[in-house]
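K.L.:
Before anything else, here's the structure in question.
The values are calculated or read from the model by the stated rules, or taken from the named source; none is laboratory data. The structure displayed is predicted, hence computed values, not measured ones. Here the Cβ positions follow ideal geometry from the backbone for every residue, glycine too, while neighbour counts run over all protein chains shown.
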Amino acid sequence: MSPVETLFRMHLKLIIEDREGWLDLVADDATIEFPFASSAGLPSRFHGKSEIRSYVESLPKEFGAFKIKSLKIFEHEADSSLTAEFSGGIAGQTKNGADYLQHYVSVFEMKAGKIQSYREYFDPMPVIAYFKQLELP
C-alpha cells in the first residue's frame, strides 16, 4: 500500500473514531472542502488547522457511528494524491430511527506525510433529511 493510500485509510478511520488523532494527520495549512455543502446550508470550505478543528468539533456525536460500506481508491501516478469513491452511513440514530446513507467522491492530497487537501463531493439531500431528524441541542 502506498503512503498516500495508507494516510487516506487512516483519515477515514480516525475522522470517525478519534477526531483528535485525526487532527494530528492534518497539515497546519490544509484545506478541507465540501463543494455541495452550501446547498444543505452548511459551510463548504475550511482552511488552516484552527478552522478545521472548529469544523470537526461541530460534527454531531452521531457521526461516531458512521460505517464505510464500500471503498474504491484510484491513485494518481504523478503525485501524492488519489481519488476515492465510497459509500457509508449511520443506522437508526435519529428520533424516528431513520438511517443516513450517502455516496461520496473525494480528492485527497498528501504533502510531507500530512493531509494537505481534502475535497469531498456528496448529495446534499440526504444530509438535509438526516439533520432534520436529529434531536440536536
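K.L.:
What are the residue pairs meeting all of these: first residue in the range 39-66, first residue outside any helix (DSSP H, G or I), second residue among the small types (Gly, Ala, Ser), Cβ atoms under 8 Å, and 6 or more apart or on different chains?
P.N.:
Close Cβ pairs (under 8 Å, with a partner that is among the small types (Gly, Ala, Ser)) amount to Pro43/Ala37; Ser44/Ala37; Ser44/Ser38; Phe46/Ser54; His47/Ala30; Phe66/Gly88; Phe66/Gly89.
K.L.:
Being surrounded by 14 or more Cβ atoms within 10 Å (Cβ to Cβ) and either over 23 Å from Met125 (Cβ atoms) or at pLDDT below 95 (or both) narrows it down to one residue among Ser2, Ser70, Ser39, Ser54; which is it? Before the answer, list the steps.
P.N.:
On the way: Ser2 fails: surrounded by 14 or more Cβ atoms within 10 Å (Cβ to Cβ); Ser70 fails: surrounded by 14 or more Cβ atoms within 10 Å (Cβ to Cβ); Ser54 fails: surrounded by 14 or more Cβ atoms within 10 Å (Cβ to Cβ).
That would be Ser39, the only listed residue that is surrounded by 14 or more Cβ atoms within 10 Å (Cβ to Cβ) and either over 23 Å from Met125 (Cβ atoms) or at pLDDT below 95 (or both).
K.L.:
Restricting to the range 116-137, and then to whatever is of a type outside the set (S, T, N, Q) and in contact with an Asp or Glu (Cβ under 8 Å, 6 or more places away or on another chain), can you tell me which residue is modelled with the lowest pLDDT? Write out each step before concluding.
P.N.:
Within the range 116-137, the first condition is being of a type outside the set (S, T, N, Q), and the residues that meet it are 118-132, 134-137.
Adding the requirement that they be in contact with an Asp or Glu (Cβ under 8 Å, 6 or more places away or on another chain) leaves 118-120, 134.
On the way: Tyr118: 97, Arg119: 98, Glu120: 96, Leu134: 60.
Within the range 116-137, the match that is modelled with the lowest pLDDT is Leu134.
K.L.:
Consider Ala78 carefully, then state whether it is farther than 24 Å from Thr6 by Cβ and at pLDDT below 80. Don't jump to the end; show me each part of the working.
P.N.:
Details: farther than 24 Å from Thr6 by Cβ: no; at pLDDT below 80: yes.
Against the criterion (farther than 24 Å from Thr6 by Cβ and at pLDDT below 80), Ala78 does not qualify.
K.L.:
Now, a different point. Enumerate the pairs (first residue in the range 96-109 and closer than 17 Å to Asp123 by Cα; second residue anywhere and among the hydroxyl-bearing types (Ser, Thr, Tyr) and surrounded by 20 or more Cβ atoms within 10 Å (Cβ to Cβ)) with beta-carbon separation below 6 Å, excluding pairs fewer than 6 apart on the same chain, so at least 6 apart or on different chains.
P.N.:
Tyr100/Tyr130
K.L.:
When the range 103-122 is examined, which residues are found to be more than 14 Å from Phe36 (Cα to Cα), assigned to a strand (DSSP E or B), hydrophobic (A, V, I, L, M, F, W, C) and out of contact with any Ser or Thr (no Cβ under 7 Å at 6 or more places or on another chain)?
P.N.:
Passing the criteria: only Ile115.
K.L.:
Check whether at least one residue in the range 112-128 is at positive phi, surrounded by 13 or more Cβ atoms within 10 Å (Cβ to Cβ) and without any contact (Cβ under 8 Å) to a residue 60 or more places away in the chain, and report yes or no.
P.N.:
No, there is no match, as no residue in the range 112-128 is at positive phi, surrounded by 13 or more Cβ atoms within 10 Å (Cβ to Cβ) and without any contact (Cβ under 8 Å) to a residue 60 or more places away in the chain.
K.L.:
When you scan the range 24-35, do you find a residue that is buried (at least 17 other Cβ atoms within 10 Å of the Cβ) and more than 15 Å from the chain's Cα centre (by Cα), even just one?
P.N.:
Yes - at least one qualifying residue is present in the range 24-35.
Table: residues versus (1) aromatic (Phe, Trp, Tyr); (2) within 15 Å of the chain's Cα centre (by Cα).
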{"position": "Leu42", "(1), (2)": "no, yes"}
{"position": "Ser50", "(1), (2)": "no, no"}
{"position": "Gln102", "(1), (2)": "no, yes"}
{"position": "Val107", "(1), (2)": "no, yes"}
{"position": "Phe131", "(1), (2)": "yes, no"}
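K.L.:
Let me ask something additional. List every residue pair whose Cβ atoms sit under 8 Å apart, with the two residues 6 or more apart in sequence or on different chains, where the first one lies in the range 2-22 and is among the β-branched types (Val, Ile, Thr) and the second, anywhere, is assigned to a helix (DSSP H, G or I).
P.N.:
Pairs found: Ile15/Trp22; Ile15/Val56; Ile16/Phe63; Ile16/Gly64.
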